[in-house]
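First up is the structure itself, then whatever we jot down about it.
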Amino acid sequence: MFRPLCGLVLLAALLAVGADLRAQPAPVLNIAHRGARSIAPENTLPAFRLGITRGKADMIELDVHLSKDGIPVVIHDDTLERTTDAADRFPHRKPWRVFDFTAAELMSLDAGTWFVQADPFNQIRAGEVPPEDLALFSSGRVRIPTLKAALALVKELDTRVNIELKNFPAFYPGLADKVVAEVRASGIADRVIFSCFDHEILVQLRRIAPEIPRAALVEDPVYPLKEYVADLLGAVAFNPSRDVLGFDSQDFHHGGRLRQDIIDQAHQAGLRVNVWTVNDPGQMEALIKAGVDGLFTDFPQRLSALLLEGAKGR
Ligand code: G3P
Ligand code: MG
């Protein structure tokens with residue numbers, strides 16, 4: 001027989017759980033920027049793997065250029081000097097632009113040793129990079145990956161990827177077509193989001209591959225979010241720099257006022273907000289509290305630890 005008291009207790013418990021769930025902010029997406037870039041050479045397969053295994057990221061971000069022979073390759077800069085040994089290997093080909101090298105040439109370069117020499121985030125000095133990783137990075141075997149190889153790893157790791165198309169339309173007239181073809185051939189188009197600073201490329205992508213979601217990368221707070229980003233570009237996400245949201249370019253607070261209004265306007269326009277590049281725990285916390293949907297970070301291991309702490313504290 002139904003007892004009113006039991007029913008009331010059950011109802012109260014359900015309401016409490018419901019209220020509790022409503023009080024939880026939606027989990028923020030941990031996006032490993034160029035892979036786990038603080039502890040591995042950026043935009044390489046080991047960096048992507050570590051982003052997921054050690055960083056516990058939900059998604060990796062990578063940058064794509066085209067080689068001279070039209071193959072999508074994964075690298076951030078438009079020149080090879082900073083992250084490979086191209087200057088030593090090809091001394092007469094200054095300024096070592098990516099699009100002046102064939103894919104075979106690019107894949108013959110060492111894309112790992114520079115990281116061990118430069119220790120760009122001081123994580124080697126801090127003892128955060130194990131000896132076996134250091135041995136691999138300086139072995140000469142870490143290469144610039146093709147997009148195809150990176151997508152195969154995304155599939156193997158059962159994760160998701162933000163593919164940023166680097167914006168040189170004058171240099172790369174076929175960039176969008178070639179990247180879309182590669183993504184479709186990979187069979188994991190449903191785990192891909194495209195992003196680009198060049199919004200003409202986003203419009204092209206919308207036309208060629210309307211089924212693959214797009215995010216608008218922005219460095220200025222000048223865009224009408226609904227009419228331009230959501231309606232015209234058809235983007236699902238607005239990816240501002242943290243400067244746009246009120247933090248300056250250092251990894252510390254410098255009196256920046258968080259632009260909650262921009263985050264709220266984006267949400268009202270139906271856009272997700274993914275902020276780059278956030279490495280400082282204080283900024284991570286402030287942005288999570290402000291309700292952003294994702295954070296691109298060079299330290300996915302730091303963000304996942306912070307999210308775990310937050311979950312324990314609730
Ligand atoms: O997608 C976020 C971020 O990658 C954009 O800037 O220069 O690191 O490619 P960048
Ligand atoms: Mg990028």
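The values are calculated or read from the model by the stated rules, or taken from the named source; none is laboratory data. Since the model is a prediction, treat every value here as computed from it, not as a measurement. No Cβ is skipped: glycine too gets one built from the backbone with ideal geometry, and neighbour counts run over all protein chains shown. Keep in mind that these areas ignore ligands, DNA and RNA; they rest on the heavy atoms of the full protein, side chains included. Shrake-Rupley method; radii C 1.70, N 1.55, O 1.52, S 1.80 Å.
Full extension of the chain between residue 53 and residue 211 gives 54.0 nm of extra length, using 0.36 nm per residue less the Cα-Cα distance.
For the chain, report the accessible area per residue in Å² (1.4 Å probe, heavy atoms, rounded to an integer). Each step should come with its number before you reach the end.
Numbers: 14910 Å² over 314 residues.
Averaged over the residues of the chain, the accessible area is 47 Å².
What the phi angles of segment 110-120 give under the Karplus curve with 6.51, -1.76 and 1.60, with θ = phi - 60°, is a coupling list of 8, 10, x, 4, 3, 5, 5, 6, 8, 6, x Hz, glycine and proline written as x.
For the options 72, 224, 145, a Gaussian network treatment of the chain with springs between C-alpha atoms closer than 10 Å singles out 224 as fluctuating the most. On full extension, the segment bounded by residue 108 and residue 243 gains 44.9 nm, given 0.36 nm per residue less the C-alpha separation. Put a dot 7 Å past the Cα of residue 289, heading toward its Cβ, do the same for residue 82, and the two dots end up 3.2 nm apart. Largest GNM mean-square fluctuation across 187, 140, 127, computed for the chain with C-alpha springs under 10 Å, falls on 127.
Across 295, 62, 153, mean-square fluctuation computed from a Gaussian network of the chain (C-alpha pairs under 10 Å connected) peaks at 153. Note on the chain: Cα-Cα pairs beyond 28 Å make up 44% of the total pair count. Listed by chain and number, the aspartates and glutamates placed with their C-alpha closer than 20 angstrom to that of residue 94 are 69, 77, 78, 81, 85, 105, 110; residues fewer than eight positions away on the same chain are left out.
Sorting the segments 279-290, 31-42 by their mean number of nearby beta carbons within 10 angstrom, highest to lowest, gives 31-42, 279-290. Exposed loop sites are taken as chymotrypsin sites (Phe, Trp or Tyr not before Pro) in a DSSP loop (any state but H, G, I, E or B) with at most 13 other beta carbon atoms within 10 Å; the longest stretch of the chain without one runs 3-251.
Amide H contacts of residue 29 (H built 1.01 Å from N, in plane; Pro and chain starts excluded): 294, 295 sit under 5 Å, all sequence-distant by 5 or more or on other chains. Approximating the spin labels as points 7 Å out from Cα along Cα→Cβ, the residue 198-to-residue 184 distance works out to 2.1 nm. So if I average 1/r over every pair of distinct C-alpha atoms in segment 134-212 and take the inverse, what Kirkwood radius in Å does that give? Its Kirkwood hydrodynamic radius stands at 13.8 Å.
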